[in-house]
Amino acid sequence: MYKEELAIISQAVLNEVEGFEFYKMASERASSDGTREAFKELANEEMKHAEYLRKLWTQLIGGGEIKIEDILGSGVVIPSPEIYRWDKVDKNDASVAMSVFGIGMQMEQSSIDFYEKAKEKVQSQASKDLFDILSGWERVHLLQFSEQYGILKEDWWAEQGFAPF
């Protein structure tokens, strides 16, 4: 049985659910429909990850094993950088969005670190490959958030009449 993997996947599910709750809260507090929709998409993406991980956990607890070809053939793919429509984020929500993306970047980096440490705790190559895939999901999100944060920061600075140099 994959005892270490089960513990890691259990924590990963919790991490994804916390991400879902965070983005859901952000969507509820957004003042524009576009921003609300962008944050809902993020929440839904986190829930998809949690559901995938729950299924994997159930398979392992039932005596199944991790096979990377099953994972790759499951239809779960690393999200495309184009998955979110950032143009929906209303510039009037820049301060809120910057806060959400700033926290989101920290959450995604923490998830990347979590999966990198998880790889060190397991022996099977399939488990290591699984954690590489999961880390890839988080890296795509981190990149997206970083890029959007930079754009919003520039807009916010311009609105405030502030230039750092």
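The values are calculated or read from the model by the stated rules, or taken from the named source; none is laboratory data. Being a predicted model, the structure only gives us computed values, none of them experimental. Here the Cβ is made from the backbone with ideal geometry for all residues, glycine too, and neighbour counts use every protein chain on show. The accessibility values were calculated without ligands, DNA or RNA, using every heavy atom of the protein model including side chains. Shrake-Rupley method; radii C 1.70, N 1.55, O 1.52, S 1.80 Å.
Computed values, structure above
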| quantity | calculated |
| --- | --- |
| Residues satisfying the stated conditions in region 119-134, i.e. touching a residue at least 60 places away in the same chain (Cβ under 8 Å) and in a helix (DSSP H, G or I) | K121, A126, S127, D129, L130, F131, I133, L134 |
| Criterion: part of a helix (DSSP H, G or I) and surrounded by fewer than 17 Cβ atoms within 10 Å (Cβ to Cβ) - qualifying residue of I103, I112 | I103 |
| Tally, over region 1-16, of residues that are part of a helix (DSSP H, G or I) and surrounded by fewer than 17 Cβ atoms within 10 Å (Cβ to Cβ) | 7 |
| Residue within region 61-82 that is at pLDDT 60 or above, open to solvent by 80 Å² or more (accessible area, probe 1.4 Å) and farther than 23 Å from L6 by Cβ present | no |
| Filtered residues of region 20-60 (kept if open to solvent by 30 Å² or more (accessible area, probe 1.4 Å), over 30 Å from Y2 (Cα atoms) and either basic (K, R) or not in a helix (DSSP H, G or I) (or both)) | K24, R29, S31, R36, K40 |
